[in-house]
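Here's the structure we're looking at; comments come further down.
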Amino acid sequence: IVRIALAEMQGQASAPLYILSFRDVSELRRIDRMRSDFVANASHELRTPLASLRGFIETMQGPARDDPKARERFLGIMLDQATRMSRLVDDLMSLSRLELRANIAPDQKVDLVPLLGHVRDSLLPLAQDLDIEINLHMPAEKVEVIGDRDELVQVFQNLVENACKYGQDGKVVDVFLRANPGKPVEVGVVDKGPGIPAEHVPRLTERFYRVSVADSRSKKGTGLGLAIVKHILTRHRARLIIRSELDVGTDFTVRF
Ligand code: ADP
């Protein structure tokens, strides 16, 4: 936008003074576009399971009315779709709550040792289902950072859950807590899964970004997990470092 203002300096010579003022709105436009893309993506993601639910309800009212086996199977699928929608709504609400708190700095003293133990315990049922061992490698003493306990639980739950889901073939997920004097505190979540092709790595924390749509659908993802992680870590002034090698595995490290 170029605004041209013509001003005459009061009481001075008659020569007009031209003022050119420039305002760069490309960043505002970008944010605007991101917002409308986000709404479109979110609506699309919600519409898909809704359409499927409607389809199954209609089938159960019609052709499958007297087929108990088919009804049973359809009810299972409908429950999955409803669960998927709840996950999506939960993730969308997490993101919007984080946006509301963007200007409030987290200020609790959080000991990462019990926190990571809690994260592991909460994921044991999933790990058992997937036949995976989650190993914690932590110092015996306290490792404190300044942060928000619930948000940090959410970060590590997301990372460890992803390592279990996508690195399932590797059979083990290792969580390393490193606290060496003079160095930043780090938590590494490492799997021995198939790895992520390099071209995808920089985009993983974008909302709704998934490496393989088919794969993530079967693995019950919303594509919002890492976007939430990135948001929380930015609030904590922490970084997410992703290293991945095909057929070797993936390492998501949080550096405080
Ligand atoms: P989702 O809900 O799909 O899991 P995320 O934002 O948590 O969404 O992750 C985005 C994508 O990153 C996933 O769909 C998956 O393709 C990829 N990904 C995340 N973690 C791993 C991992 N440990 N190994 C391989 N791919 C991963």
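The values are calculated or read from the model by the stated rules, or taken from the named source; none is laboratory data. Since this is a predicted model, take the numbers as computed values, not measurements. So basically every Cβ, Gly included, is an ideal-geometry build from the backbone, and we count neighbours across all protein chains shown. These area figures cover heavy atoms from the full protein model, side chains too; ligands, DNA and RNA do not enter into them. Shrake-Rupley method; radii C 1.70, N 1.55, O 1.52, S 1.80 Å.
Using 0.36 nm times the number of residues separating K171 and A70, minus their current alpha carbon distance, what extension gain do you get?
32.9 nm
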For this session: Search the structure for amide H atoms under 5 Å from the amide H of V172, placed 1.01 Å from N in the peptide plane, and list their residues when 5 or more places away or on another chain.
Result: E133, K192
Exercise. Rounded if a/c is under 1.5, else prolate if a/b beats b/c, else oblate: with a ≥ b ≥ c from the C-alpha gyration tensor eigenvalues square-rooted, which is segment 61-170?
Worked result: oblate
For this session: Hey, could you grab the Kirkwood Rh for the chain? Inverse mean 1/r over distinct alpha carbon pairs, Å, one decimal.
Result: 21.6
Exercise. In nanometres, what is the gap between the two model label sites at R35 and L126, each 7 Å from Cα along Cα-to-Cβ?
Worked result: 3.2
Problem set entry | Residue of L130, L204, L20 that the Gaussian network model of the chain assigns the largest fluctuation, springs spanning Cα pairs under 10 Å | L20
Seminar exercise, completed: For the pair E199 and V248, the simple spin-label estimate (label points 7 Å beyond Cα toward Cβ) gives in nm 2.1
Problem set entry | Contact order normalised by residue count of the chain, Cα under 8 Å, 6+ apart, percent | 15
Exercise. How much of the accessible area of the chain, in percent, comes from carbon and sulfur atoms when a 1.4 Å probe is used?
Worked result: 54
Exercise. Between L28 and S218, 0.36 nm times their residue separation minus their Cα-Cα distance comes to what?
Worked result: 64.7 nm
For this session: Provide the FRET efficiency to the nearest 0.05 for the N103-R149 pair, computing r from the beta carbons and using R0 = 25 Å.
Result: 0.80
Exercise. Tell me which aspartates and glutamates have Cα within less than 13 Å of K142's Cα, excluding those fewer than 8 residues away on the same chain?
Worked result: D111
Problem set entry | Residue-wise HN-Hα coupling along segment 87-93, computed from phi with Karplus coefficients 6.51, -1.76, 1.60 (Hz; x: Gly, Pro) | 4, 5, 5, 4, 5, 5, 5
Problem set entry | Under the Karplus curve 6.51 cos²θ - 1.76 cosθ + 1.60, θ = phi - 60°, whole-Hz ³J(HN,Hα) for segment 167-182, x wherever Gly or Pro sits | x, 3, 4, x, 6, 10, 10, 10, 10, 10, 10, 10, 9, 9, x, x
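How large is the accessible surface per residue of the chain, computed with a 1.4 Å probe and reported in Å² as a whole number? Show your work: numbers first, answer last.
On the way: 15900 Å² over 256 residues.
I get 62 Å² per residue for the chain.
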Problem set entry | Among A227, A82, A51: highest mean-square fluctuation, GNM of the chain, C-alpha pairs under 10 Å | A51
Problem set entry | Dipole axis of the chain (+1 Lys, Arg; -1 Asp, Glu on Cβ), positive-most option in G55, I134, T253 | G55
Exercise. Could you give the angle, 0 to 90 degrees to the nearest 10, between helix 26-61's Cα long axis and the longest principal axis of the Cα atoms of the chain?
Worked result: 30
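Rounding to the nearest 20 debye, state how big the charge dipole of the chain is about its Cα centre with +1 on each Lys and Arg Cβ and -1 on each Asp and Glu Cβ.
Dipole of the chain, to the nearest 20 debye: 580 debye.
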For this session: State to the nearest 20 debye the size of the charge dipole of segment 30-139 about its Cα centre, where the only charges are +1 on K and R beta carbons and -1 on D and E beta carbons.
Result: 420
Problem set entry | Note, ³J(HN,Hα) from phi for segment 200-212, Karplus 6.51, -1.76, 1.60, rounded to Hz, x at Gly and Pro | 8, 3, x, 9, 4, 8, 6, 4, 6, 7, 10, 5, 9
Exercise. Given the pairs K183/K230; K109/K219; K171/K230, which span a C-alpha to C-alpha distance of over 30 angstrom in this model?
Worked result: K109/K219
For this session: Please give the FRET efficiency for E58 paired with S86, using the beta carbon to beta carbon distance and R0 = 22 Å, rounded to the nearest 0.05.
Result: 0.50
For this session: Name the lysines eligible as straight-distance cross-link partners of K220: C-alpha to C-alpha under 18 Å, and not fewer than 8 places from it in the same chain.
Result: K165
Exercise. How much length, in nm to one decimal, is gained on full extension between L46 and R255, taken as 0.36 nm per residue of separation minus their Cα-Cα distance?
Worked result: 71.9 nm
For this session: Using Cα positions and a limit of under 19 Å, work out the aspartates and glutamates in reach of K192, with same-chain residues fewer than 8 apart set aside.
Result: D129, D131, E133, E161, D169, D174, D215, E245, D247, D251
Problem set entry | K142-R237 FRET efficiency (beta carbon distance; Förster radius 22 Å; 0.05 resolution) | 0.60
